[in-house]
Amino acid sequence: MVNRIFRPLRRWPAVETFLLRVAGQFTTWPADDFGRFVGSPVLAGAFAAGPPPVGSLRPPPPAPIAPANFETRFMRLHVEGRFDEMWEMLAEDAQRAWGGLQNFIREMPRLDEWLEILDMQVASVTVLESWTDQLHQRTYSNVARLVMRYRVRQQWREWTFDRQVHLVPAAGEWRTLCYPTRARTAAGR
C-alpha cells in the first residue's frame, strides 16, 4: 500500500531525493550514538571482543588564533579607530586599569592624521612560562612576547621601529596588556 502511494511521486527526481532524505532520518542511527549500544552491560559477556566504542564525530573546537595574528588584528582595529571592538581583546587587568569601555574609547591614543602605518610585521614570538610586568607589579603565566616591527610615514619622512607587546591567555584565546599611560591613569583618578 505504501509503495502504491509513493510510486507516482517517484517519477519526479526532486521528490524522490526529498523522500530518501526524510526516510534516511528515520532508518539510520547516528554514528556517534551507535557506540553506546556496543558497551551495554547486558551484552558485555557475550560481545566482550566486539568493536571498540565509536567516539563522537563532532568537529573539534576551533583552535585559538595565533599571537601574531591577534596582535596584527588589534593594531588594524586601532588604525581604523574601531575601539569598541578592541575592548574585547584587552586582558581583564588592562580593562580594569582603563576603568570601562567609555574611558577606553575616549582616552585611547589615536594616530595622528599625518602619520601613516605603511607596514607591520611580527619580528619574533616567544612564549614565556612566566613573566612579570614590572610597571604594574603583576606576574602572568604562559605569556606570548612579540616584537612588532612598524614602518611608518610622516609626510615625506619614513622610518621603522620595533615595539615589544605581551599577550596573556584568557578563555582559550589571547588578550593584550594594553594599559593606559601613567599620565592618563593619574589624571583619570
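The values are calculated or read from the model by the stated rules, or taken from the named source; none is laboratory data. These figures come from a predicted structure and were not determined experimentally. Here Cβ is always computed from backbone atoms with ideal geometry, including for glycine, and neighbour counts include all displayed protein chains.
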- Given (1) surrounded by 15 or more Cβ atoms within 10 Å (Cβ to Cβ); (2) over 17 Å from Ile65 (Cα atoms); (3) in contact with a Lys or Arg (Cβ under 8 Å, 6 or more places away or on another chain), number of the condition Ala91 does not satisfy: (2)
- Scan the range 122-148 for residues that are exposed (fewer than 13 other Cβ atoms within 10 Å of the Cβ) and of a type in the set (D, E, K, R) and jot them down. Glu129
- Message: Among the residues of the range 63-77, are any modelled with pLDDT under 55 and closer than 30 Å to Tyr150 by Cα?
- Response: yes
- Note on the structure: Flagged pairs (Cβ under 7 angstrom, 6 or more apart or on separate chains; first in the range 107-124, under 18 Å from Pro180 (Cβ atoms); second hydrophobic (A, V, I, L, M, F, W, C)) are Met108/Phe83; Leu111/Val79
- Message: Just to be sure I understand the filter: pairs with C-beta atoms under 7 Å, separated by 6 or more residues or on different chains, first member in the range 148-166 and among the charged types (D, E, K, R), second member surrounded by 14 or more Cβ atoms within 10 Å (Cβ to Cβ) and outside any strand (DSSP E or B). Which pairs pass?
- Response: none
